[in-house]
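Below is one structure, written out as structure tokens; comments come after it.
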Amino acid sequence: LQPPITTPVSLIKALLEYLQERVSAEIIIGEGTGALNYDTWLPFQELGYADLAREKQVELVDLNEAELVRFERSDCQRWPEMYLPKIVCESFLLSVPVLKVHTLAGVTMTMKNMMGAVPPSHYRQGNSWKKSAFHTRIQESVADLNRYRTPDFTLLDASIGMAESHLWGPTCDPPVGIVAAGSDPVAIDAYGTCLLGKDWCDIGHIQQVHGELGLAEPLKTQKI
């Protein structure tokens, strides 16, 4: 699936070049596909990430196959137990989602983007797609996941936007024309929801963690 359904490699390249000029830390690009019939290395290859990694000498990691850490939280009703990749838990996590309506979750931005980190070994049901357990009580599922681990910083690609679905259908017309950034995952998702013409109060996973993991309102934005 090509952009704007997926994050354009050109944006990741620009971000990578910016970071490599300014930080000495190792930079890793990680993803974990939910697709039933192929692994993460196929989209890495077809979307240009394998070429980018070779050019910029960075590592690609299939988060579906990474070493896991087990957590427990008594305040999480949907996921009182959670397995996540160790590398995700030990790194500064920079999320780069695209702006999209989602047919089940309402919207998909930085908090739902965290589903790329959950392992199919624990969150696949039957022969369905690799993270299918999240379709059950999806709003609570996404909220609880982010209680365990939420992005440290987000760069939201709202340059175009998907207007009706996360996998098909029309793009936003006119294109939104924005790239939004912030360290508050709740605020960035609430802002993106507004860009899609929706009310964040109607999005369960945003509503559930508002005031806990960040603030959906009042929104403070600054144009650069």
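The values are calculated or read from the model by the stated rules, or taken from the named source; none is laboratory data. Predicted model, so just to flag it, every value in this text is computed and none were measured. Using ideal geometry, Cβ is built from the backbone for each residue, glycine included, and neighbour counts are taken over all protein chains shown. Heavy atoms of the whole protein, side chains included, go into the accessibility calculation; ligands, DNA and RNA do not. Shrake-Rupley method; radii C 1.70, N 1.55, O 1.52, S 1.80 Å.
Couple of notes before you dig in:
- Checking Asp62 against (1) in contact with a Phe, Trp or Tyr (Cβ under 8 Å, 6 or more places away or on another chain); (2) under 30 Å from Tyr18 (Cβ atoms); (3) acidic (Asp, Glu); (4) without any contact (Cβ under 8 Å) to a residue 12 or more places away in the chain, the condition it does not meet: (4)
- Among the candidates Leu99, Leu145, the residue that is in a helix (DSSP H, G or I) and within 15 Å of the chain's Cα centre (by Cα) is uniquely Leu145.
- Considering residues of the stretch 197-218 that are under 17 Å from the mean Cα position of the chain (by Cα) and among the aliphatic types (A, V, I, L, M) only, the residue surrounded by the fewest Cβ atoms within 10 Å (Cβ to Cβ): Leu213
- Of the residues making up the stretch 21-55, those that are open to solvent by 80 Å² or more (accessible area, probe 1.4 Å) and under 23 Å from Glu90 (Cβ atoms) are Arg22, Ser24, Glu26, Trp41.
- Given (1) buried (at least 16 other Cβ atoms within 10 Å of the Cβ); (2) at negative phi, index of the condition Gly161 fails: (2)
- Residue tally, condition over 23 Å from Ala143 (Cα atoms) and small (Gly, Ala, Ser), over the stretch 164-188: 2
- Taken over the stretch 170-188, the residue count meeting the criterion of being out of contact with any strand residue (DSSP E or B) (no Cβ under 7 Å at 6 or more places or on another chain) and touching a residue at least 60 places away in the same chain (Cβ under 8 Å) is 0.
- Residues located in the stretch 26-42, provided they are over 16 Å from Pro119 (Cβ atoms), of a type outside the set (A, V, I, L, M, F, W, C) and in contact with a strand residue (DSSP E or B) (Cβ under 8 Å, 6 or more places away or on another chain): Glu26
- In the stretch 197-206, the residues that are assigned to a helix (DSSP H, G or I), in contact (Cβ under 8 Å) with a residue 24 or more places away in the chain and not aliphatic (A, V, I, L, M): Asp202, Gly204, His205
- Residues of the stretch 165-196 that turn out to be under 20 Å from Phe153 (Cα atoms), open to solvent by less than 50 Å² (accessible area, probe 1.4 Å) and in a loop (DSSP other than H, G, I, E, B), as a count: 1
- Scanning the stretch 25-54 for residues that are polar (S, T, N, Q), modelled with pLDDT of 95 or more and either closer than 19 Å to Asp157 by Cβ or more than 19 Å from the chain's Cα centre (by Cα) (or both) returns Thr33, Gln45.
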